[in-house]
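Here's the structure we're looking at; comments come further down.
The values are calculated or read from the model by the stated rules, or taken from the named source; none is laboratory data. What you see is a predicted model; the values in this text were computed from it and never measured. Neighbour counts are summed over all protein chains in view; Cβ atoms, including those assigned to glycine, are modelled from backbone coordinates with ideal geometry.
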Amino acid sequence: MFVFYDTETTGLEQDFSQILQIALVFTDDDLNILSSKKLESRRSPWVVPAPGALLTTGFVPDDLKNNEYSHYEMMQKIYDWVRGQHWPLTFVGYNSMGYDEPVLAQNLYQNLLDPHLTLAGNGANDQSNGRADVMTGVKAVALYMPGVLKLDIMTPSGKNPSVSLKNVAQQNGVSLSDDDAHDAMNDIKATVGVAKLLKKAAPQIWEQLLSLSTSKGVDEFLAAHEVFTYATTSYGKSVASVVTALPEKENGVTQSLFDLSIDPTPYLSMTVEQLKNVFLSKDKQKPLVPLNKSNQPILMPMDQSEAVIPATYDEKLYADRAQMIKSNAVFLDNVAEASLLVQKEKVASAQKALPEMMIDQPVAAPVKQKIDQWMKEFRAASDWHKSAELIQDFYVRFKDDLVADPSLSRFVKFAGRIVYENAPQELSQEKRKAMKEHIAARLLNPDDKASYMTLAKARKELEQIEKERVGGKKWADVTDNQIRTLKLYYTSLEKEYAAFYTPPKPPVNDNGAAKPNASKKPDPQP
């Protein structure tokens with residue numbers, strides 16, 4: 001069983017974009033649609049929609065204000081609908097691994113729901129949900145079975161075939177007009193159509209990719225194949241390498257591969273620190289490649305890889321290199337340790353960041369059980385007054401835990417946002433004022449390097465759109481009225497929160513002079 005889904009959002013910043021529209025269809029194994037659901041939400045107060053996103057999706061300011069559901073209400077309905085289907089499921093989208101999956105996870109996380117919904121198990125027979133991406137299937141078929149799909153339309157650079165949903169669908173007989181594109185339900189029905197095409201035209205690749213839609217399936221493939229090919233996309237071009245998998249030191253979603261076209265000898269004696277630098281290298285081709293097992297990697301057995309095997313491939317040489325690597329226990333331990341260091345550094349950097357960016361930050365198991373119970377109570381509260389009481393209860397219930405791990409406050413901050421958006425009257429006057437100041441600090445933040453969209457960044461993007469529109473290469477269909485409407489919209493947001501905004505004071509030198517280029521991040525949410 002499959003759930004195909006597509007989202008339309010406020011922007012491209014994955015950690016900070018709000019889903020404004022989502023469409024989901026439930027299908028059987030033959031991709032026949034059994035049921036569907038489409039929902040839209042109002043804009044949350046702390047979110048600035050990017051002009052490019054609004055012009056692409058067709059949403060107008062009135063939609064952002066008048067849609068039926070708040071963001072929290074919409075995400076609750078999505079969660080309940082998905083949980084109501086027959087599990088386990090395979091969640092499918094188009095470019096979902098690159099965008100929709102992390103955005104959906106964030107939108108669940110910020111609404112106190114399980115961010116790993118698409119990977120969750122049913123708790124009965126150790127079967128977990130899977131994740132698949134039809135764009136990944138298109139790339140795999142184009143690479144391993146060239147000519148099966150018609151891909152004559154090129155990207156703007158003219159160097160690579162375009163694999164956008166609209167271009168793939170229109171060239172291969174799947175209905176999706178220019179006017180219908182960027183509506184979530186239209187896009188997802190077209191995605192189902194392209195999936196049916198792949199299933200019929202390239203059944204071996206379709207089945208292979210489905211077998212890799214879970215980490216367990218990837219593990220089974222790696223255990224069964226010592227040498228295989230792994231395809232990735234870089235700068236719009238898909239390429240495949242002949243690789244071998246290295247054993248994990250700790251069970252997780254990331255595993256290391258070694259590119260067998262590269263002589264492993266110089267790397268076998270490297271220290272952990274040196275190997276960590278190999279992982280972090282910006283080189284286009286490097287021997288050590290991290291494999292995310294939860295993102296449906298393109299892994300193919302050698303007998304299905306004829307189209308991508310390089311002319312320099314030497315079966316015996318590559319097999320000998322694989323054996324050389326796997327027989328060196330010290331090297332394998334060092335690689336595994338280096339990989340863990342890279343992952344831990346990423347987590348450590350997130351610990352100092354904003355609440356949204358802490359989505360992958362681990363919580364101790366006993367504390368997580370208590371957090372999950374508190375979130376369950378919050379979602380089940382009979383009214384917003386009880387929800388507000390649970391916010392105060394959080395500080396009592398987790399008093400000692402917050403001392404040990406201050407980052408736990410992110411959960412109650414999300415709860416505070418939810419109550420403020422849906423029933424601000426349930427918060428104290430002081431709390432409401434503090435929330436308005438927090439929102440103002442976000443919307444009016446002058447830092448053009450802020451991780452999230454601000455009014456300043458939105459206006460800068462809109463200026464760029466105007467320039468490109470005049471050039472005629474992009475945004476040719478955008479009207480003067482649309483541009484004017486967005487300018488007025490951003491001005492209205494600024495006026496709404498200007499009274500609550502305190503411009504940051506730049507740090508000063510010892511002589512009292514302002515430091516050049518100094519900036520301050522907005523005040524943290526209360």
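So here's what we get for this one:
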{"item": "Close pairs (6 angstrom Cβ cut-off, 6 or more residues apart or separate chains): assigned by TED's automatic domain parsing to the domain that holds residue 106 in segment 72-86, among the hydroxyl-bearing types (Ser, Thr, Tyr) anywhere", "result": "74/41"}
{"item": "Selection count where residues are under 25 Å from the mean Cα position of the chain (by Cα) and in contact (Cβ under 8 Å) with a residue 60 or more places away in the chain, scope segment 197-214", "result": "9"}
{"item": "Selected residue [at pLDDT 95 or above, at negative phi, surrounded by 15 or more Cβ atoms within 10 Å (Cβ to Cβ) and more than 27 Å from the chain's Cα centre (by Cα)] from 265, 271, 229, 244", "result": "244"}
{"item": "Any hit, segment 454-473, residues being in the same structural domain as residue 378 (by TED's automatic domain parsing), surrounded by 18 or more Cβ atoms within 10 Å (Cβ to Cβ) and more than 26 Å from the chain's Cα centre (by Cα)", "result": "yes"}
{"item": "Of all residues making up segment 58-103, the number that are in a helix (DSSP H, G or I) and either among the aliphatic types (A, V, I, L, M) or in contact with a Cys (Cβ under 8 Å, 6 or more places away or on another chain) (or both)", "result": "7"}
{"item": "Hey, residue 433 closer than 28 Å to residue 353 by Cα and outside any helix (DSSP H, G or I) or not", "result": "no"}
{"item": "Subset of segment 346-402 (residues that are among the basic types (Lys, Arg), closer than 28 Å to residue 452 by Cα and modelled with pLDDT of 95 or more)", "result": "368, 379"}
{"item": "Some residue of segment 411-424 being buried (at least 18 other Cβ atoms within 10 Å of the Cβ) and of a type in the set (S, T, N, Q)", "result": "no"}
{"item": "Criterion (assigned to a helix (DSSP H, G or I), within 30 Å of residue 497 (Cα to Cα) and not charged (D, E, K, R)) met by exactly one of 55, 12", "result": "55"}
{"item": "Members of segment 438-481 that are small (Gly, Ala, Ser), in contact (Cβ under 8 Å) with a residue 60 or more places away in the chain and assigned to a helix (DSSP H, G or I)", "result": "440, 441, 458"}
{"item": "Residue 175 over 26 Å from the mean Cα position of the chain (by Cα) and assigned to a loop (DSSP other than H, G, I, E, B)", "result": "yes"}
{"item": "Number of the exception - residue 431 against (1) within 28 Å of the chain's Cα centre (by Cα); (2) surrounded by 12 or more Cβ atoms within 10 Å (Cβ to Cβ); (3) farther than 23 Å from residue 113 by Cβ; (4) not small (Gly, Ala, Ser)", "result": "(1)"}
{"item": "Among the residues listed as 120, 132, 124, 53, the single one being out of contact with any helix residue (DSSP H, G or I) (no Cβ under 8 Å at 6 or more places or on another chain), modelled with pLDDT of 95 or more and of a type in the set (A, V, I, L, M)", "result": "53"}
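Rundown of residues vs (1) without any contact (Cβ under 8 Å) to a residue 40 or more places away in the chain; (2) part of a strand (DSSP E or B), yes/no style:
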{"residue": "257", "(1), (2)": "yes, yes"}
{"residue": "262", "(1), (2)": "yes, no"}
{"residue": "266", "(1), (2)": "yes, no"}
{"residue": "270", "(1), (2)": "no, no"}
{"residue": "273", "(1), (2)": "no, no"}
{"residue": "277", "(1), (2)": "yes, no"}
{"residue": "282", "(1), (2)": "yes, no"}
{"residue": "286", "(1), (2)": "yes, no"}
{"residue": "291", "(1), (2)": "no, yes"}
